[in-house]
Structure formats: C-alpha cells, structure tokens
1. Out of 80, 90, I need the residue that is closer than 30 Å to residue 275 by Cβ and polar (S, T, N, Q). Which one?
2. Where the second residue is hydroxyl-bearing (Ser, Thr, Tyr) and surrounded by fewer than 22 Cβ atoms within 10 Å (Cβ to Cβ) and the first is without any contact (Cβ under 8 Å) to a residue 40 or more places away in the chain and lies in region 185-206, which pairs have Cβ atoms under 9 Å and are six or more apart or on separate chains?
3. Tell me, which residue of region 332-349 that is among the small types (Gly, Ala, Ser) and outside any helix (DSSP H, G or I) is farthest from residue 67 (Cα to Cα)?
4. For region 315-331, what are the residues that are part of a loop (DSSP other than H, G, I, E, B) and closer than 20 Å to residue 214 by Cβ?
5. Within region 279-304, how many residues turn out to be under 22 Å from residue 216 (Cα atoms), among the charged types (D, E, K, R) and assigned to a helix (DSSP H, G or I)?
6. State yes or no: is residue 115 modelled with pLDDT under 95, assigned by TED's automatic domain parsing to the domain that holds residue 164, touching a Lys or Arg at 6+ places or on another chain (Cβ under 9 Å) and closer than 30 Å to residue 164 by Cα?
7. Of (1) surrounded by fewer than 19 Cβ atoms within 10 Å (Cβ to Cβ); (2) assigned to a loop (DSSP other than H, G, I, E, B), residue 201 satisfies all except one. Which?
Amino acid sequence: MRARIHRGAAEIGGTCVELEADGRRLVLDVGWPITAVEGEDVALPGVAGLADGIDPSLLGVVISHPHADHYGLLPKVGTSVPVYIGEPASRILREAAFFSPLGFDRQPSGYLRHRQVFDLGPFCVTPFLNDHSAFDAYSVLIEADGRRLFYTGDLRAHGRKAGIFEELLRRPPQDLDVLLLEGTHIREDSDGSERGLSERDVEEACVATCRATEGMVLAMFSPQNIDRLVTMYRACVRSGRDLVIDLYTAVISAATGLDTIPGAAWDRVRVYLPRSQRARIIRDRAFERTGAVKPHRIYAEELVARRGELVMMFRGSMSHELEEMRCLEGAHALWSMWPGYLGEPSGERLRAWLDRLGIPMVIHHASGHAFIPDLQRLVRALAPDRVVPIHSFAGDRFENFFPRVERRRDGEWWEV
C-alpha cells in the first residue's frame, strides 16, 4: 500500500490523502483550505478521476467528519464517485445546505459506523468514532497489502465524548505501520505542557457569566457544535435561564437523530426566527420548517419582557433587529468559538457594534483538537512503527514529542 498526502502535510485544513493498493485507490477527506482567501476558486487535489468520476480505479472518498476543512471540496467531486461518511454527519450537512453555503446535499454510498468493518476493493476500512467538536467524527484504520495505516482525522480528549477517546486507548488497533497524526496544537512555540479548557470547564464558565448578567446573554457558537449546544443548555438550566435557539440550530439538533440533544421541543428551549431565516423560508416557500417549531417559538415582546431570563444564540447579522427591539439593556456577549475569528472583518464589525452599545464580551471556548499530552497518550497506546504528521503548521516539531516521526511532503508517494 502506498500513500500520498495531497494537502495537509504542512498546514491545518484542506486535508486530502490518497491511498493506492493493487492498482486501486481510496481518498481520505477532500477539505477546503483554511488558508484560502474569500472568493478564491480552490481546485481539487490532483487525484485521477476525482473530478469526472470516470477512472474505475478510484473506489471512493471517505469523509472523516463534517467540518469544511475536511469535506469542503466535495461539491467539486464527480457525482459518480462513491462517498462514505457518518449517517448523522450526512444528515447534518444536508439540513445545513438550506441555511448555509457550508452545507452539502449528496446521498452517500455507505455510512461509517463505530468499529464496523467494510471492504472497498483491496482496502479494509474500520471507522472509530472519536471525540471532536464536529458531531459524528471518525478516525479510520485502512488495511491493504498486509499494511495498516491509522488516520486520526481530528480528535480530542476533553469534550463531551472523551470516553470514546479513552476507549481507543484501552482497545487500540494493533500492529500499525503508520499513524497519520493530526497536530493542530503543535506549534513552533509548543513545549508540550499546554492545556486548555475542557467542555465541562466551558460549562462552569458559562454558568458564572449567566448568573452575573442582569440582562440577556448573547451566546455565539456554531449550531453544528453539538457539544457546545449541550454545554450551553446545561448552563442555562443551572443558572435558571431558558435557551433561545434559531431554526437552523433546531434543525441541526433534530438531524443528529438523538433525543438526548437539546431541541425545539425540550423544556427551557425556545425558537426565534431571525429576519434572514424568515426571508429564506418565504423565498423558498418552506413553511413546513416553521410549522414544525410553531409551538415553541418566541417573539420580540417576550424577548424584551424576559431578557434577564434568557440566553440567546446570536450572530452578527441579528444585531440590527435586536437593537431595534430594545431588548439589550444589561446584556453580556459570550463568544464560544475559535477566538481567531474575532480578528476577521466580521469579528471586527461585531466588536465595534458591541462597543457602541456598551455590551461587554467574554470568551469561553474549548478547542476541538487534542493537546500534546493527550496525543502522546494516543501514540503510546497505538505504538505505530512510524508517525507521519498531518493537519499542522509545525510538522518539524513532532519529533520533539513523539518517537519514530517520519515527515512527508505534499504530493509525495511513499510506501506504508
């Protein structure tokens, strides 16, 4: 079995790996590069048959999880190319397509399920559900030609599914030749000791902010970060507040297929339709979507009257309508995403708006990626013959933290 990293050997995001065995090929992820500038037309990696689907040696694309830096180029992949992804992840992307350009509607050829093995030509594929900020995220073991490669995808050990990471350590795949290891938190200044907040730490911080805020709490986090949705709901309950979600979030919650995820019909959850979502519903005459949440909706009058009892999912596009409602007296903004987004133009506009209204902002966020001590535990448990860096801007630093590191360049074929 041979491998080629098309993108990701020297950067975070845009991940794409091609595997070849017995003249047949398999692709792991086709991500959108996070380094791409807005409006840039990013080409597909140079995988034969990926764009037109006419090369029968290409057996398919395995998508590890529904983050755009791992699936974002799928719209450019030929429709006849088989795609494999988790079933809830596929539903989430399909529902997101109505609300966001980051969604994607495509019927997969098969679904990834935890430790359920399937064959694609000479490749034996074993998915391993893992802890990540994207719901239904997988690592994958690929076996072919008597060789074994384990691709971590993106993972962590400090989210609400930390137990599944610990299960991997207790029951690891054996006799690995190569571990393709994500290293988001490996940077030029890393000393190996860095730890950040866990998801439970974020919950405690959100509770404290909610209890200390007189007015409405404006919570900013991705609707597709299901762990964070659970965290925010738990913080609301513990602080005596209700959580106001939008229609997008209600739909994504339902798409998980789990009744353990806070949704529109839950106690202490209400649904608000921002103007942009109302306009889309009217434009597409998709009134069945609003009908499904009608009993749980909240309107401007109640937002004003109960502002001190609410945590409201918020994004910058809602700023003018909330300001016009006059429901922001005593409000506090809570940012619960990667802080780097605040340095982008949209983040700067948000900060300026909050400053103008005198609304303070606090950051409570847990990373979606494992810290170095947890990656070291993973490497010890998997005990691969070689560790190949991926999903990191500092691949040259891996050898400071792991044994048997072997760096590879983008575009280079190498033997597994």
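The values are calculated or read from the model by the stated rules, or taken from the named source; none is laboratory data. Since this is a predicted model, take the numbers as computed values, not measurements. Cβ sites come from the backbone with ideal geometry, for glycine too, and all protein chains shown count toward neighbours.
1. Working: 80 fails: closer than 30 Å to residue 275 by Cβ.
Residue meeting the stated conditions: 90.
2. Sorted first by the residue in region 185-206, then by its partner, the list stays empty.
3. To start, the set of residues in region 332-349 that are among the small types (Gly, Ala, Ser) comprises 333, 336, 340, 343, 346-347.
This time we only want the ones that are outside any helix (DSSP H, G or I), so: 333, 336.
Values: 333: 25, 336: 17 Å.
Across region 332-349, the extreme among qualifying residues is 333.
4. 326, 327, 328, 329, 330, 331
5. Qualifying residue count, region 279-304: 2.
6. Numbers: modelled with pLDDT under 95: no; assigned by TED's automatic domain parsing to the domain that holds residue 164: yes; touching a Lys or Arg at 6+ places or on another chain (Cβ under 9 Å): yes; closer than 30 Å to residue 164 by Cα: yes.
Answer is no for this residue.
7. Status for residue 201: all satisfied but (2).
To keep it simple, each residue is scored yes or no on (1) closer than 21 Å to residue 323 by Cα; (2) surrounded by fewer than 24 Cβ atoms within 10 Å (Cβ to Cβ); (3) in the same structural domain as residue 277 (by TED's automatic domain parsing); (4) more than 22 Å from the chain's Cα centre (by Cα).
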site: 208; (1), (2), (3), (4): no, yes, yes, yes
site: 217; (1), (2), (3), (4): yes, no, yes, yes
site: 222; (1), (2), (3), (4): no, yes, yes, no
site: 230; (1), (2), (3), (4): no, yes, yes, no
site: 249; (1), (2), (3), (4): no, no, yes, no
site: 257; (1), (2), (3), (4): no, yes, yes, no
